[in-house]
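Here is the structure we will look at, set down as structure tokens.
The values are calculated or read from the model by the stated rules, or taken from the named source; none is laboratory data. Just so it is clear, the model here is predicted, and its values are computed rather than measured. Here the Cβ is made from the backbone with ideal geometry for all residues, glycine too, and neighbour counts use every protein chain on show.
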């Protein structure tokens, strides 16, 4: 049976053995092969069934050819431009409701453009769970096709004066040190429900017209209606205490989108379903306006969006289109430097068998729906176009394995969508990158994602001229510490504190960090970017004092001097923040995706560090008209 099982697994693109980041090879347990095959609809109960499955098995075990002419949109200009990266929820302002919103984004885009930036990158804006807003990770969406209504700026909607909410509660949410998602959702949903019947009675409006809403519903069609229906049922289940926010915790007769109970609910609650479609339209209108604010203020790329690698197993997407995803297996990562036990991201993967069989239309629609709002799109864990590391539900990540995807089809769909929307594509190619995959990315016009901390050459930080031209380079990203935190080793201590690494690993990593700091200062000094006095001041900075601005300017000038097309600087570094926004491997033990910036967007451009860093970047990468 093992031989037949292995043959069937290989035909389905399931790796029997894989090489980890440490160079060691790992044999995959038979139980894992069976679990993944079952998730693909190829059950393995006995030898006869295995033989039947083999006769009809797909061919996913070998490299899929890239269709001739496959290439993503890349403009001739801009060359070597720069932008800012931020977490939208983290923006503070004098008017928002305790969470950064689309109007804040538009205002910040104007500020960034005036500083010389050509784009503003933001976290994934995918729809979450309105019924359970504390499921807050933007990388754990309910549905990637749609937007998170919590980012709607309610106070800028027509008729808001009639449906105003409790201002003391709004002010409390605004002043809170962390984003209180439950409080924000309660405030916004209550106000929007009051506004919904008011809006329907308003005269025709140029932007928020009923005709425009009807056109939106018609264009987005059945997927939008199903998502809105999911949201309505999800909130009903929570409010009535009949179930949970996700469909797996609903009564059995509601778990199928095509069930009689769901049809009766939709008929009885048509206005509520329409309300949730309206929320999606409001979010789309305001996000589009933010994009226009970016380009109207001189940005040549505009908003740079982020596309998550998968969706929640119990969310709108897996309920509304159940045939497209694999169940009882999760996307994750094998054991590595950051997590000794590996990671289970608890995300449902798309089915490679379905993608191979339907021409990948589902994936094309997914990426196209995100590209419509911005000038650039970052595909998280872009290796998912080639393979994903899948973990059987309930098992340790160490029991997982890699599964191949129909790369040629998926790349073709990404390229077609990028040309349709004139969107630059960036692939987050960190971790266990398959041999030759970066060469494929370059050939099809997907920019690589290069982080200074990881770019090494001869046991030193890579010199600028070794960075590829077709890349976005940056100092760090949302899964990594701020520069202040990296310098002090905060990330290493946090990983130990949250039991992601042991005491011995912590000491080894802190020792290495001290070497890295010294090496970095030497690299910057040799490049003529850091003086001896600056180096001494950085070394002498205590845990209670900020790092000297000269050090941050020097490191950003260094990475800005690379030939890479795009450079992103984190807003946390522009503002001198220390705490990380996310600690990978944790859920609730660390306040992931909740930290707000210490500075509001109003007046941010006048802060000394912000001015010093943006001035240096504008000097290194001037906007070429």
Q: For residues that are surrounded by 15 or more Cβ atoms within 10 Å (Cβ to Cβ) and free of Cβ contacts under 8 Å to residues at least 12 places away in the same chain, scanning just region 234-293, find the one that is nearest to residue 223 (Cα to Cα).
A: 261
Q.
Conditions first: (1) touching a helix residue (DSSP H, G or I) at 6+ places or on another chain (Cβ under 8 Å); (2) closer than 23 Å to residue 91 by Cα; (3) crowded, with 20+ Cβ neighbours inside 10 Å. Residue 582 passes all but one, so which condition is the exception?
A. (1)
Q.
Pull out all pairs, ordered by first then second residue, where Cβ-Cβ is under 6 Å, the residues are six or more apart or on different chains, the first lies in region 189-217 and is part of a helix (DSSP H, G or I), and the second is exposed (fewer than 15 other Cβ atoms within 10 Å of the Cβ).
A. 198/162
Q: Go through 262, 309 for me and flag whichever is outside the structural domain of residue 374 (by TED's automatic domain parsing) and in contact with a helix residue (DSSP H, G or I) (Cβ under 9 Å, 6 or more places away or on another chain).
A: 262
Q: Taking residue 6 as the residue in question, decide whether it is at pLDDT 85 or above, touching a helix residue (DSSP H, G or I) at 6+ places or on another chain (Cβ under 8 Å), surrounded by fewer than 19 Cβ atoms within 10 Å (Cβ to Cβ) and over 30 Å from residue 577 (Cα atoms).
A: yes
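Yes or no, residue by residue, for (1) surrounded by 19 or more Cβ atoms within 10 Å (Cβ to Cβ); (2) farther than 30 Å from residue 342 by Cα:
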site	(1), (2)
520	yes, no
546	no, yes
559	yes, yes
562	yes, yes
566	yes, yes
Q.
Given the criterion under 29 Å from residue 134 (Cα atoms) and modelled with pLDDT under 95, identify the matching residue among 160, 151.
A. 160
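Conditions tested, residue by residue: (1) without any contact (Cβ under 8 Å) to a residue 60 or more places away in the chain; (2) outside the structural domain of residue 450 (by TED's automatic domain parsing); (3) over 29 Å from the mean Cα position of the chain (by Cα); (4) under 27 Å from residue 597 (Cβ atoms).
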position: 481; (1), (2), (3), (4): no, no, no, yes
position: 502; (1), (2), (3), (4): no, no, no, no
position: 507; (1), (2), (3), (4): yes, no, yes, no
position: 514; (1), (2), (3), (4): yes, no, yes, no
position: 524; (1), (2), (3), (4): yes, no, yes, yes
position: 544; (1), (2), (3), (4): yes, no, yes, yes
position: 553; (1), (2), (3), (4): no, no, no, yes
Q: Output the residues belonging to region 616-625 that are free of Cβ contacts under 8 Å to residues at least 12 places away in the same chain and either in contact with a helix residue (DSSP H, G or I) (Cβ under 6 Å, 6 or more places away or on another chain) or closer than 17 Å to residue 483 by Cβ (or both).
A: none
Q. Can you name the residue in region 420-437 that is touching a strand residue (DSSP E or B) at 6+ places or on another chain (Cβ under 7 Å) and surrounded by fewer than 19 Cβ atoms within 10 Å (Cβ to Cβ) and, of all such residues, is farthest from residue 306 (Cα to Cα)?
A. 434
